[in-house]
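What follows is a set of notes on a single structure, which appears directly below.
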Amino acid sequence: MPRMLLTDKLISAAKAAPGERLELWDLKTSGLCLRVTERGLKTFVLRYRAANGSQPRFKLGRFPHMSLRAARIEAGRVRGEVEDGRDPAAAKRHAKVASEAQLTFEQLYDQYVQASRAGEWKPKGKRKRDVTIDYEERLARRHVMPALGHLKLGDISRRTVKDILRGMIAKGIGAQTNRCQALIRQVFAYGISEDIVQINPATGFAPFADQQPRTRIWSNKELKALWCVLNAEGSLTDRQGRQCFVGRQLRIAVMLCALLLQRRSEIAGMQIAEIDFDDSVWTIPAHRMKGGRPHSVPLPPHASALIQEAIDLAKKVGGADVKVVFPNARDTDSAIDPMSLSRALARLAATAGVEGATLHDLRRTGSTALTSERIGVSPFIRSKVLGHSTDAGGGSAVSAAHYDVNTYMAERRRALTSWEKRLLEIVR
């Protein structure tokens with residue numbers, strides 16, 4: 001490795017090429033190196049040979065907080081420890097692990113979220129989308145933190161994680177059990193990458209839940225029963241005589257899930273600024289889409305009227321300046337939690353006498369109807385309606401990604417308008 005006589009002037013001017021890291025080795029102090037990242041961070045490290053033959057690197061400090069002169073002095077001190085038979089890097093690592101083991105899972109999780117949002121943690125080689133992180137936060141808040149959040153990292157074993165997952169299975173929770181395991185695994189993987197923990201207690205065993213793709217399709221009878229309770233006035237009572245309290249705004253949100261066939265998180269987070277009533281289009285920005293691309297949803301007449309009604313209701317609650325179509329009751333500047341829609345549907349479905357159905361089943365029902373003989377939409381246009389970005393329509397993926405800028409808006413509008421007409425025929 002080439003060495004040079006480092007100077008403060010040379011260090012100040014040092015820059016790394018894009019996507020690379022620059023290392024400058026000092027000619028005056030053996031093993032002293034300045035590392036420069038593409039973001040301009042400059043760190044002094046010392047490389048030495050330990051008693052076991054390894055050549056660890058010991059971080060000394062960051063320029064300009066540590067001057068070149070101070071780095072050379074500190075390098076001399078560390079080398080003295082090595083000559084006495086000690087391993088400063090190992091000692092520092094063990095001390096950090098002992099200290100960090102006192103962190104709670106919640107504290108490590110907070111660091112994981114910050115690193116994910118900043119783009120520093122990329123488990124699959126690409127930055128996590130905000131919509132993915134938001135989903136993980138809901139999952140953590142609901143299932144993980146109540147059981148793990150307060151525990152010290154050093155007290156969390158594989159048995160601890162398994163007991164939590166078994167408890168979820170015992171409650172009848174299926175797919176989300178596996179997602180919680182994946183989330184815990186990712187948090188500990190991040191901790192390992194930061195030398196905070198040494199082992200990952202969420203690995204080494206198979207997922208607890210058997211995940212079978214759902215095929216549930218709502219029957220016409222079930223759709224009609226649901227629509228009756230969605231439009232009922234006054235309080236509702238289920239078959240056991242229990243009252244069902246679901247406000248008009250939540251009922252509208254559930255109806256829009258059925259009419260527009262978009263995901264519950266996209267419906268729940270709908271912004272007033274995203275709606276163009278003149279052109280009857282709802283444009284969902286990329287950061288709110290699962291695929292990470294903006295998505296335009298043509299609005300059929302009844303869906304458009306429901307959105308306008310929801311906006312009027314939102315303004316009564318949050319004032320004329322409200323920005324979201326479905327505001328949170330506690331904080332009208334933010335949108336409702338998507339889980340609110342699932343809980344609302346569960347109560348409404350129970351009242352309607354429909355069992356085991358979810359919002360995603362509504363999406364699947366409409367998707368299936370689009371390509372049925374009655375409506376006759378092609379699978380390609382159906383994918384465009386649903387916001388699936390990977391369908392190339394039977395052609396080359398390269399052509400679809402780079403040479404076809406057609407949005408197929410007219411075809412999408414015909415598809416959703418036909419579905420709205422068909423659904424309203426069924427329920428009315």
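Go through Gly353, Gly318, Gly291 for me and flag whichever is on the phi < 0 side of the Ramachandran plot, open to solvent by less than 50 Å² (accessible area, probe 1.4 Å) and touching a residue at least 60 places away in the same chain (Cβ under 8 Å).
Gly291
Out of all the residues in region 1-15, which are in contact (Cβ under 8 Å) with a residue 24 or more places away in the chain and either of a type in the set (Lys, Arg) or under 14 Å from Thr43 (Cβ atoms) (or both)?
Arg3, Leu6, Ile11, Ala14, Lys15
Could you tell me which residue of region 28-45 is most open to solvent (accessible area, probe 1.4 Å), considering only residues that are outside any strand (DSSP E or B) and at negative phi?
Arg39
Look through region 192-210, keep the residues that are among the polar types (S, T, N, Q) and open to solvent by less than 60 Å² (accessible area, probe 1.4 Å), and return whichever of them is farthest from Ile169 (Cα to Cα).
Asn200
Can Gly53 be described as out of contact with any Gly (no Cβ under 7 Å at 6 or more places or on another chain), at pLDDT 85 or above and at positive phi?
In short, no.
Residue by residue through region 5-27, note down the ones that are hydrophobic (A, V, I, L, M, F, W, C), open to solvent by less than 70 Å² (accessible area, probe 1.4 Å) and either assigned to a strand (DSSP E or B) or under 19 Å from Arg79 (Cβ atoms) (or both).
Selection gives Leu6, Leu22, Leu24, Trp25.
Kindly check whether there is at least one residue in region 396-407 that is open to solvent by less than 50 Å² (accessible area, probe 1.4 Å), out of contact with any helix residue (DSSP H, G or I) (no Cβ under 8 Å at 6 or more places or on another chain) and modelled with pLDDT of 85 or more.
Checked region 396-407: no residue is open to solvent by less than 50 Å² (accessible area, probe 1.4 Å), out of contact with any helix residue (DSSP H, G or I) (no Cβ under 8 Å at 6 or more places or on another chain) and modelled with pLDDT of 85 or more.
Would you pick out the residues in region 321-338 that are over 11 Å from Leu250 (Cα atoms), surrounded by 15 or more Cβ atoms within 10 Å (Cβ to Cβ) and of a type in the set (A, V, I, L, M, F, W, C)?
Val322, Val324, Ala335
Within the set of pairs 6 or more residues apart or between chains, which connect a residue that is within 15 Å of Val36 (Cα to Cα) inside region 55-79 to a residue that is among the β-branched types (Val, Ile, Thr) and open to solvent by 40 Å² or more (accessible area, probe 1.4 Å) with Cβ atoms less than 9 Å apart?
Short answer, once both residue conditions are applied: Leu68/Thr7.
For region 312-329, which residues satisfy the criterion of being assigned to a helix (DSSP H, G or I), hydrophobic (A, V, I, L, M, F, W, C) and modelled with pLDDT of 90 or more?
If the condition is that a residue be assigned to a helix (DSSP H, G or I), hydrophobic (A, V, I, L, M, F, W, C) and modelled with pLDDT of 90 or more, then Leu313, Ala314 are the ones that fit.
From Thr332, Thr283, grab the single residue that is part of a strand (DSSP E or B), among the β-branched types (Val, Ile, Thr), in contact with a helix residue (DSSP H, G or I) (Cβ under 9 Å, 6 or more places away or on another chain) and free of Cβ contacts under 8 Å to residues at least 24 places away in the same chain.
Within the list Thr332, Thr283, the selection yields Thr283.
The values are calculated or read from the model by the stated rules, or taken from the named source; none is laboratory data. Fair warning: this is a prediction, and the values are worked out from it, not measured in the lab. A quick note on method: Cβ atoms are made from the backbone with ideal geometry, for glycine too, and the neighbour counts reach across all protein chains shown. Just so you know, the surface numbers come from the protein's heavy atoms only, side chains and all, with ligands and any DNA or RNA stripped out. Shrake-Rupley method; radii C 1.70, N 1.55, O 1.52, S 1.80 Å.
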